[in-house]
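*Asks:* Have a look at this one.
Bear in mind that the values in this text are calculations on the coordinates, not laboratory data. Owing to the predicted nature of the structure, the values given are computational and were not obtained by experimental measurement.
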Amino acid sequence: MTGNPLESAAPLKARGAPEGSGAVRVICGVHALDTRVAGRTVGDVRAALSQALNISPEAIAVVDGVEAGADHVLRAGEQVEFVRLAGEKGLVPGSPFNRIPIRRDQHPPRKPGTGNREPGTEVR
Amino acid sequence: MSVMEIKVIGVGGIGCALLPHLCRYLSHGSSSTGPGDGNGAAAGRRARVTLVDGDAFEARNAARQAFPAAGNKAQVKAAELAREFAALSLRAVPEFIHAGNAAALVRPGDVVFLAVDNHSTRKAVSDHCRTLRDAVLISGGNELTDGNVQVYVRRAGEDVTLPLTRFHPEIADPSDRSPAEMSCDELAREGAPQLLFTNLAVASAMLNAFYAWEQGALAYGEVYLDIVQARANPVPRPPARAPGGGAPGAV
């Protein structure tokens, strides 16, 4: 063992595509990468990175905070996020129990008299 | 002294991981925080915590959920916490929340921790919060080893961050149903595998978001995490700029 290993550690890479690099930051869930896809469309990027970043076909594309269509042409310095679907309950890919089809006719009726009252049992 | 009303909706794997730490923090605060310009407990506010869940504890969930007795989750957990945190006000509501009772359970100014496993309930609560002048909604969910936390902040009738439904079509138009709408047979089939560690990571991220908001330092509207890859990725969710000007909110 020689010296403090932290002293020789490489510095962490700063977040965001480096300015002037011509890169676009692509995000999906915990994944983020800076890549030279300026001039390509959102649809191109989705197709190219769908497996690498595990992008759901249902994921909405958001460019610099604004929803973008598949034909949006990306510019250097932009950030495109394919919004990962929100977590549910220990989903297992392909399981028939992942989704239970909704039946709109089973919404429970509103109970009268509950609109302005805050229910609850006081524990203390 | 004003009271911070906190609602914890869903007392399952995430809720059980979150509640003891939330209650301890609300009871004792942080040893490192001063009064500051924050929004909540650090500024000396009292808090009342209301647990909301219509479900009953089942022994098959014991690997992820800690309950000292059988019975309704909200009631059993609230009683347990009340014994441990004598200075904290606790209440229990043994109901599932849905569009029909959301207005009665979530009030203006509430801080809501939403720890449920279905999008229908998320939509119902988010939609209701959109009608409130002030509210903080922190929603967490997970799959087996990854998850996300969304933070929807309303202040003075304006969105500071985006509602849960924005950019999330699976929540805006859910294909699942809330537990209040499901049969016992359907509920029994909901036993997909879950991992305690992922529940814990999501609960921790929810508490982190609460602390950041309370300190006036919330810099994201959604955070993704993965416990196997040891990654977390916070993403801003500012409301869209109004046409012709109008700066977005602080986040």
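*Asks:* If amide H atoms are built 1.01 Å from N in the plane of the peptide, which residues on other chains or at least 5 residues away come under 5 Å of the amide H of A:Ala23?
*Replies:* The answer is A:Gly77.
*Asks:* Can you compute log10 of I(q)/I(0) for region A:17-82 with the Debye formula, treating each Cα as one identical point scatterer, at q = 0.17, 0.20, 0.25 Å⁻¹?
*Replies:* -0.48, -0.68, -1.10
*Asks:* Shifting gears a bit: Under 5 Å between amide H atoms, partner at least 5 residues away or on a different chain: which partners does B:Arg91 have, H built in plane at 1.01 Å?
*Replies:* A:Val123, B:Val49, B:Thr50, B:Leu51
*Asks:* So how far, in whole Å, is the C-alpha centre of region B:196-225 from the one of region B:84-150?
*Replies:* One Cα centre to the other: 15 Å.
*Asks:* Any idea what diffusion coefficient region B:3-235 gets from Stokes-Einstein, in µm²/s, Kirkwood Rh on alpha carbon pairs, 10 °C, 1.306 mPa s? Can you show the working numbers first?
*Replies:* Values: Rh = 17.7 Å.
Approximately 89 µm²/s, per Stokes-Einstein.
*Asks:* Debye calculation, C-alpha points only, no solvent: report log10 I(q)/I(0) for region B:49-143 at q = 0.15 Å⁻¹, in the same order as the q values.
*Replies:* Cα-only, vacuum Debye calculation for region B:49-143: -0.65.
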